[in-house]
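One structure is given below, encoded as structure tokens.
The values are calculated or read from the model by the stated rules, or taken from the named source; none is laboratory data. Keep in mind that what you see is a predicted model, and the values were worked out from it rather than measured. All Cβ positions, even for glycine, are placed from backbone atoms using ideal geometry, and neighbour counts span all protein chains on display. Quick note on the areas: whole protein, heavy atoms, side chains included, nothing else; ligands and nucleic acids left out. Shrake-Rupley method; radii C 1.70, N 1.55, O 1.52, S 1.80 Å.
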Amino acid sequence: VTERRFAEPIARTEHVLAVIADLAAEASTMLETRHQGGRRWTARLFRADGHVQPLAIETGKPTRDVPLLMRLFAERIDALADPLDPGFGYDLVR
């Protein structure tokens, strides 16, 4: 599990995706040392008001390819019926 906490909550989708990319890179490095990959990747966005927004993606084969994962996360966000509502912002991404 990788996570980032923020003193000032983030609210822009671009910032959220950048943080997810950093966390995916960390997770990918950990998986690489174990010669493993992941098929289900989940990001949880914790809003300052306590609401948690999960974002999950799946791949056909185990992977640790960060650009592929980020494309899938971006597509997932674009496909949401309700766009990401940061409220007062996200203070934790796990």
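At a glance:
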| read-out | value |
| --- | --- |
| Dimensionless Rg ratio for the stretch 1-54, taking C-alpha atoms and the 2.2 N^0.38 Å reference | 1.25 |
| Convex hull volume per residue in cubic angstrom - Cα atoms of the chain | 86 Å³ |
| Net charge contributed by nearby residues that have their C-beta within less than 13 Å of Gly37 (K/R +1, D/E -1) | +2 |
| Cβ crowding within 10 Å averaged over residues, with 74-80, 63-69 ranked highest first | 63-69, 74-80 |
| Nitroxide proxy distance, nm - points 7 Å out along Cα→Cβ at Thr59 and Glu26 | 1.9 nm |
| Among Ile20, Gly50, Leu84 the positive-end extreme of the charge dipole of the chain (Cβ point charges) | Ile20 |
| 0 to 90° range, to nearest 10: angle between helix 13-33 axis and the chain longest Cα axis | 30 degrees |
| Taking the chain and dividing mean pair separation by its residue count, relative contact order in percent (alpha carbons under 8 Å, at least six apart) | 43 percent |
| Gain on full stretching of the segment that runs from Leu68 to Arg4 - 0.36 nm per residue minus C-alpha separation | 20.9 nm |
| Cα-centre dipole for the chain with unit charges at Cβ (Lys and Arg positive, Asp and Glu negative), debye to 20 | 400 debye |
| Highest average packing first - 48-58, 14-24, Cβ atoms within 10 Å | 14-24, 48-58 |
| Förster radius 22 Å - calculated FRET efficiency between Arg39 and Phe88 (Cβ-Cβ, nearest 0.05) | 0.05 |
| Accessible area per residue in Å² at 1.4 Å probe, computed on the chain | 62 Å² |
